[in-house]
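Written below as structure tokens is the structure these notes are about.
The values are calculated or read from the model by the stated rules, or taken from the named source; none is laboratory data. This one's a predicted model, so the numbers in the text were calculated from it and none came from an experiment. Virtual Cβ from ideal backbone geometry, glycine too; neighbours counted across all protein chains shown. Calculation scope for accessible area: heavy atoms of the full protein, side chains included, ligands and nucleic acids excluded. Shrake-Rupley method; radii C 1.70, N 1.55, O 1.52, S 1.80 Å.
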Amino acid sequence: MKKNTGKMALGCLMSLMVVFSSACSSEESGGSGDEKSDPIKIGVLASQTGGLESYGEQTLRGFELGLEYATDGKNEVAGRKIEFIVEDTETKPEVAVQKATKLLEEDEVDFLVGSSSSGDTLAVLPLAEEYEKIMVVEPAVADSITGSEFNPYIFRTARNSSQDAVAGAAAIAGEGVKIATLAPDYSFGRDGVAAFRDAAVKLGADIVHEEYADPAATDFTANIQKVIDSKPDYLFVIWAGANSPWNQIADMKVQDKGIKISTGAPDIAALATMEPLIGMEGFSVYYHDLPDNEINSWLVEEHKKRFDGDVPDLFTPGGMSAAISIVEALKKTEGSTDADTLIETMEGMSFETPKGKMTFRAEDHQALQALYAIKLEKKDGVPYPVPVLVRELSPEETAPPVLNK
């Protein structure tokens, strides 16, 4: 009886050793349950419907191309496959929260990216902190994202309103210049005007009127009339979306009244409505032939191949930059998606993009980047006014103030 008991005990011990050995072997070879063999999941929030649908499409195209470029076509980093899941925010903050929650809880993503709308993005920021996941913000620009609403899990490859403001003010502001502004009445517009006002006033300009319009408006007559009545030297316009005010600005002959127009050069669809503004001086976040570097050349050529000869648009390089930043961070962490490790890695990290070198500023995680002083000109064979480079504004020159607490 004792002999049999001994055999049974030995058998159990051997079984335990086999199980332990198997578990160790599984860990060493990267078996299931080992993070190093699991795919890295990225949840991308974008406006696939709603007023910013075209921005969402541009960002998604750029993001997919960016993953391909940064991983040499393998969609893999540090031996881990990269998967991304896209959710449509419908350009509605409450939907954005629902979709982000789904990505975090059901899909168990390691990163969030997005969104097309500043309102959507601001609604989602607290979730990144709650779930301790890095969120790369692209292309939303409201200053408050890396300012008053900042949390340490947020990194932004998109430029912010203050960067736009510095570039916009540099183009038109000066001592005694009277400027009116027109912008949509939500965080993107109000943050943009506030930043522009600060930059323009520092250069000696006088902001004589601020006009805010319904973001969904299609009739801007009353808004534009208030601008005309304020008798500025310049009207500086901040706008996003297909329902732009350019046609009505032309119809109401604003320039004929001695008011010059200035703005950031928008996407190609909006440029097509800006024929009356040829000769305008302003700034650009991106136009496909402004940056002169290897990555942008690759982006332009690949985009043409994939999308029936279309060139990358305003937010395509931003999507690409977001993807590149994630891959570069993961290379440095050897595939680890631990949030604390990523934060330490990404703070101060520089990486190459279609717009040249970007750097995540350690203080607020805002990517410092180049913008472009431009003039709208007519080019043979191009059916819209083209942003022509006056000079590149360096990342140091366009660096915005640190606004977080």
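Key figures
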item: Hits in region 335-345 (condition: part of a loop (DSSP other than H, G, I, E, B) and of a type in the set (S, T, N, Q)); result: S336, T337
item: Test result for G51, open to solvent by less than 10 Å² (accessible area, probe 1.4 Å) and on the phi < 0 side of the Ramachandran plot; result: no
item: Cβ pairs under 8 Å, 6+ apart, first in region 208-231 and closer than 17 Å to A250 by Cβ, second exposed (fewer than 13 other Cβ atoms within 10 Å of the Cβ); result: I228/K257
item: Unmet criterion (only one of (1) under 22 Å from the mean Cα position of the chain (by Cα); (2) more than 28 Å from S115 (Cβ to Cβ)) for G258; result: (1)
item: Any hit, region 201-215, residues being crowded, with 16+ Cβ neighbours inside 10 Å and modelled with pLDDT under 95; result: yes
item: Boolean, E363 is modelled with pLDDT of 95 or more, outside the structural domain of T146 (by the TED database) and open to solvent by 40 Å² or more (accessible area, probe 1.4 Å); result: no
item: Enumeration of residues in region 385-405 that are over 21 Å from the mean Cα position of the chain (by Cα) and either part of a strand (DSSP E or B) or surrounded by fewer than 16 Cβ atoms within 10 Å (Cβ to Cβ) (or both); result: V386, V388, L389, V390, R391, K405
item: Matching residues in region 321-352 - criterion: being of a type in the set (D, E), in contact (Cβ under 8 Å) with a residue 40 or more places away in the chain and under 23 Å from E396 (Cα atoms); result: E328, E352
item: Residue satisfying condition, being farther than 26 Å from P312 by Cβ and of a type outside the set (S, T, N, Q), within set K92, K74; result: K92
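Let's see how each residue does on (1) under 22 Å from G241 (Cα atoms); (2) more than 15 Å from the chain's Cα centre (by Cα); (3) not in a helix (DSSP H, G or I):
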{"position": "V97", "(1), (2), (3)": "yes, yes, no"}
{"position": "S116", "(1), (2), (3)": "yes, no, yes"}
{"position": "D120", "(1), (2), (3)": "yes, no, no"}
{"position": "V124", "(1), (2), (3)": "yes, no, no"}
{"position": "A128", "(1), (2), (3)": "no, yes, no"}
